[in-house]
Amino acid sequence: MEEKPFPAWSWSVEQCLKEFNVKLDKGLSSYEVEKRRERYGWNELAKEKSKPLWWLVLEQFDDMLVKILLVAAFISFILAYLHAGESGEAGFEAYVEPLVIVLILALNAIVGVWQETNAEKALEALKEMQCESGKVLRDGYMMPELPARELVPGDIVELRVGDKVPADMRVAVLKTSTLRVEQSSLTGEAMPVLKGTAPVFMDDCELQAKENMVFAGTTVVNGSCICIVISTGMKTEIGKIQKQIHEASLEESDTPLKKKLDEFGGRLTTAIGFACLVVWIINYKNFLSWDVVDGWPTNIRFSFEKCTYYFKIAVALAVAAIPEGLPAVITTSLALGTRKMAQKNAIVRKLPSVETLGCTTVICSDKTGTLTTNQMSVTEFFTLGGKTTSSRIFRVEGTTYDPKDGGIVDWTCYNMDANLQAMAEICAVCNDAGIFCDGRLFRATGLPTEAALKVLVEKMGVPDAKAREKIRDMQLAANYLIDRSTVKLGSCEWWTKRLKRLATLEFDRIRKSMSIIVREPNGQNRLLVKGAVESLLERSSHVQLADGSVVPIDEPCRQLLSLRLLEMSSKGLRCLGLAYKDDLGEFSDYHAENHPAHKKLLDPAYYMSIESDLVFVGVVGLRDPPREEVDKAIEDCRGAGIRVMVITGDNKSTAEAICKEIKLFDEGEGLMGRSFTGKEFTALSPSEQMEILSKPGGKVFSRAEPRHKQEIVRMLKDMGEIVAMTGDGVNDAPALKLADIGIAMGITGTEVAKEASDMVLADDNFSSIVSAVAEGRSIYNNMKAFIRYISLLIFSFEVLLYGSCIYSSICRYMISSNVGEVISIFLTAALGIPECMIPVQLLWVNLVTDGPPATALGFNPADVDIMRKPPRKCNDALINSWVLFRYLVNHFQHSSSFWSHEKTLTLAALLYSSLFEKTTSISFFTPLSEGSLTFVFIE
């Protein structure tokens, strides 16, 4: 019986301990551990039973078109054998055709099996995120390296900075004043999350709101704590994601082209079988005759030789109709497409995804790391001017951790005044972050906000002219270093060398700030503080002006600071206040741990009083900025008839601010009915959800969990949309797997997301998706040029045999090249005249005229207006009436060659007509050369 989980986040620590019958200072006994392991199992993700290789191979042949090709290979072998027997010749040349078909099918099977095994790698990558060991208390003793798979619910685990969380756990005790956990890959939050021990009084709340829970696979970036294991193995949130990925893989549907080819295969089977039967029956008088006496047939005569002869004619008709080279040419065209896309930073992992891109109607995009850089940066900061009623606002360019990316707009403060020096000093010294370069991307160690502050200091520089010159020379020399992974922050180092750091007052939820005590060059101690602006203003009694003078804060000054704060917050910026204090009282001479006042630094209860009577310096505004090219890409999508929806785990106000900036919504457009949290959307009825998703324009869904993303993608697919889903985190993997085409980020994306995707963006650039869609449309248009002959073959059968059936078109060249063969053989058989071509000649025509010319069409450039057209409908039929009429008339003319009764001339005529059709398959807008000559083909 499945265990029913309890809402540990809404229970007190004491209730959780009582539920598991465990004590914080003792832990579980070995006996209890064994009992619970029998009940809950090992703490590991379940390994899905994989299909055996032989079954995967067989599945590749469970396709109507492939079955037809197998029949074609068998027929080709028989015909080659019979022809060799009649001519008295035998050799490898006679069996080239069946061997080529078998080789094509084998290659397709290998590609299919490879893709199937790739699907399982997403689950393997998920397992690699699990922690290998942990520090666990059992039988009253601390076990420092207990294998994580041996954990059971109720275990007491200690977590420290850098530890990977081994299971879903309830925080019981904080050993430091703060605990921050990096869980963006699981929830989509841009910043590390502050954790505590207080219960969250909601039985049904999203992952982001469970502030007293830590989840398996996430990482502790600050602080340490004692936790109670709540869920293990498949019961953890990461285990639920694995289950969702597996379920999504079972729901994977065929691509639009695959569906059309399957439909075509069924119709082709019926058409070929019926046509062959008709051709054979039409000539029954040539091998079956009788006399009629008194109205009854007598003296019945049957010629087995002639019966076999006309059966061979019927088989020749089947050979003419079967598309032997189709799979190979399709695979070749898609492979050529992947090369073109790779040049545009879109790496295709699954070939059918190339074609699917061409009919994408909705792009569901994650925000963090996809539309934004996933790198915090300072956008602007302000300080007071020469008086308390004036302020200075500085805007900062640059969206990454690269100190050389952008700068401060109109920065003329290299000889910084005292106020700006104080700001730079606090940002550089009251900071534990670092920056490194992994070759392509600048990354942060420590808190992203602190890393962004250090980048700001580098852009501000230092007030000392000689030091500034030295730093500039050092940066120039760094460009020639072999090892560029270490990023030298010269300005930050200059500030930190001037000061000696003595003590740290950690951040906590109550005062919402952190500070450090430093020794100034003049020997005096100073307290440097950064934190929430409102909290610092409440504890500030003075403010520093531009000239360095310190004056009391009056009411007009507070209103000015509050107004500037409101303006920055409305832009979606995370605002950080900066302050300092010189009069430290008993800490004025603090120097080491043996100081009498040191015991107060060990008790966070004293921190509020120490951080009082502050001097307010200024405010810094940070955010995870949108990529520069995103708004142009959104506009291109709008012009191409593709809707964009943003689905993110971040909070609502931040998501809305980013979406407004990238122009997801039209100018002046309200957000009513366009912005929802995951919880708000799931609370609506299914009909209301469908109505919202069907409305034109952009949508944004915030605080979305993996199940929310998956449900939105599923609903869009049920509505007939072709959905592309982008993402980079573990939480995106189920939706990536479920979408028609999943697109992962190549630089910042997790391995789980990459393995679950169909395509990977090498540059993490949303605009690369738009380029890939344009390339996908071009590839599909080129594929139309060589698939059409197959579909038209069916329809020519239907016109000739049934009367008329007309469908719309997706194909051109390969369809038309076989129509002449089919009509020629059908008419010769129907009129009872000698065959115009023997089967082996037909096989040769198919081999020469289908493959190479059709493949050449795959190199056609895209139409100039390809991204100004709406996406094609995935249920478009195959042949329109004008194309059908054109090809029938054309090939009735070609098929007239059979009146010459010369097989060689007929063969030449068909070769000529097939190659001519290749030329007429060029798009209306495609130039034949780079000169002024343009071939015009009117459909």
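FYI, it's all coordinate maths here, none of it is from the lab. Since the model is a prediction, treat every value here as computed from it, not as a measurement. Cβ: placed from backbone, ideal geometry, glycine included. Neighbour counts: every protein chain shown.
For the stretch 171-304, what is the charge dipole size about the Cα centre, in debye to the nearest 20, if Lys and Arg each add +1 at the Cβ and Asp and Glu each add -1 at the Cβ?
Roughly 320 debye for the stretch 171-304.
Sorted from largest down, what three extents in whole angstroms do the Cα atoms of the stretch 334-373 have along their principal axes?
Principal extents (Cα only, largest first): 32, 22, 13 Å.
May I ask for log10 I(q)/I(0) of the stretch 565-627 at q = 0.12 Å⁻¹, from a Debye sum over the Cα atoms as equal point scatterers with solvent left out?
Log10 of I(q)/I(0), two decimals: -0.50.
For the stretch 597-691, what's the radius of gyration and Dmax over Cα atoms, in angstrom?
Taking only Cα atoms of the stretch 597-691, I get Rg and Dmax of 21.9, 68 Å.
Any idea how far the Cα center of the stretch 754-773 sits from the one of the stretch 493-513, in Å?
After rounding, the separation between the Cα centres reads 41 Å.
Looking at the stretch 213-251, which GluC sites (Glu not before Pro) are in a loop (DSSP not H, G, I, E or B) and have at most 16 other Cβ atoms within 10 Å?
Taking the stretch 213-251 and a limit of 16 other Cβ atoms within 10 Å, the loop GluC sites (Glu not before Pro) found are 251.
Given H placed 1.01 Å from N in the peptide plane, which residues other than close sequence neighbours of residue 398 have an amide H under 5 Å from its amide H?
Residues meeting the amide H criterion: 407.
Starting from the alpha-carbon convex hull of the stretch 165-247, give the projected area averaged over all orientations, in nm².
5.4
If you filter the stretch 441-527 for trypsin sites (Lys or Arg not before Pro), then keep DSSP loop positions with at most 14 other Cβ within 10 Å, what is left?
Taking the stretch 441-527 and a limit of 14 other Cβ atoms within 10 Å, the loop trypsin sites (Lys or Arg not before Pro) found are 484, 509.
Could you give each residue of the stretch 568-577 its phi-based ³J(HN,Hα) in whole Hz, using Karplus coefficients 6.51, -1.76, 1.60 with θ = phi - 60°, and x for Gly or Pro?
5, 5, 5, 8, x, 8, 8, 9, 10, x
Let me make sure I get this right: for the stretch 143-292, a, b and c are the square roots of the gyration tensor eigenvalues over alpha carbons, sorted descending. Under 1.5 in a/c it's rounded, otherwise prolate if a/b > b/c, else oblate. Which is it?
Verdict is prolate for the stretch 143-292.
Please compare each pair in 258/632; 695/873; 210/235 to a cut-off of 21 Å on the Cα-Cα distance and tell me which ones are over it.
Going by Cα-Cα distance, 258/632 fall outside the 21 Å limit.
If the viscosity is 0.692 mPa s and the temperature 37 °C, what Stokes-Einstein diffusion coefficient in µm²/s follows for the stretch 476-599 when Rh is the Kirkwood radius over Cα pairs?
189
Nearest 20 debye, what's the magnitude of the dipole of the stretch 738-783 about its Cα centre given +1 on Lys and Arg Cβ and -1 on Asp and Glu Cβ?
Its charge dipole is roughly 140 debye.
Plugging the Kirkwood radius over Cα pairs into Stokes-Einstein for the stretch 518-561, at a temperature of 4 °C and a viscosity of 1.567 mPa s, what D comes out in µm²/s?
It diffuses with D of about 106 µm²/s by this estimate.
So, by mean Cβ neighbours within 10 angstrom, what's the order for 364-374, 653-663, 193-203 with the highest one leading?
Highest-to-lowest ranking by the protection proxy: 364-374, 653-663, 193-203.
Out of residues 5 or more away from residue 505 or on other chains, whose amide H comes under 5 Å of its own, with H placed 1.01 Å from N in the peptide plane?
Under 5 Å from the amide H of residue 505: 515, 516, 517.
Past 24 Å, Cα to Cα: identify those pairs from 18/175; 367/512; 367/699; 652/699; 387/571; 340/869, in the order given.
367/512; 387/571
For the stretch 400-451, with only Lys/Arg (+1) and Asp/Glu (-1) charged at the beta-carbon, what is the dipole magnitude about the Cα centre, in debye rounded to 20?
Magnitude of the dipole: close to 180 debye.
Where does the charge balance sit around residue 237 when Lys and Arg score +1, Asp and Glu -1, over other residues with C-beta under 13 Å from its C-beta?
With Lys, Arg at +1 and Asp, Glu at -1, the neighbours total +2.
When the Debye formula is applied to the Cα atoms of the stretch 631-750, each taken as the same point scatterer, what base-10 log of I(q)/I(0) results at q = 0.13, 0.18, 0.21 Å⁻¹?
-0.49, -1.00, -1.42
Residue 628 versus residue 37, label points 7 Å from Cα toward the beta carbon: distance in nm?
Roughly 5.7 nm, to one decimal.
Using the basic label-point model (7 angstrom from Cα toward the beta carbon), what is the residue 506 to residue 567 distance in nanometres?
Here the modelled spin labels are 3.8 nm apart.
Between residue 605 and residue 660, how many nm apart are label points set 7 Å from Cα along the C-beta direction?
Going by the 7 Å Cα→Cβ label model, 4.4 nm.
Loop only by DSSP, 11 or fewer other Cβ within 10 Å of the Cβ. Give me the GluC sites (Glu not before Pro) in the stretch 569-622 that pass, ordered by residue number.
The qualifying sites are 593.
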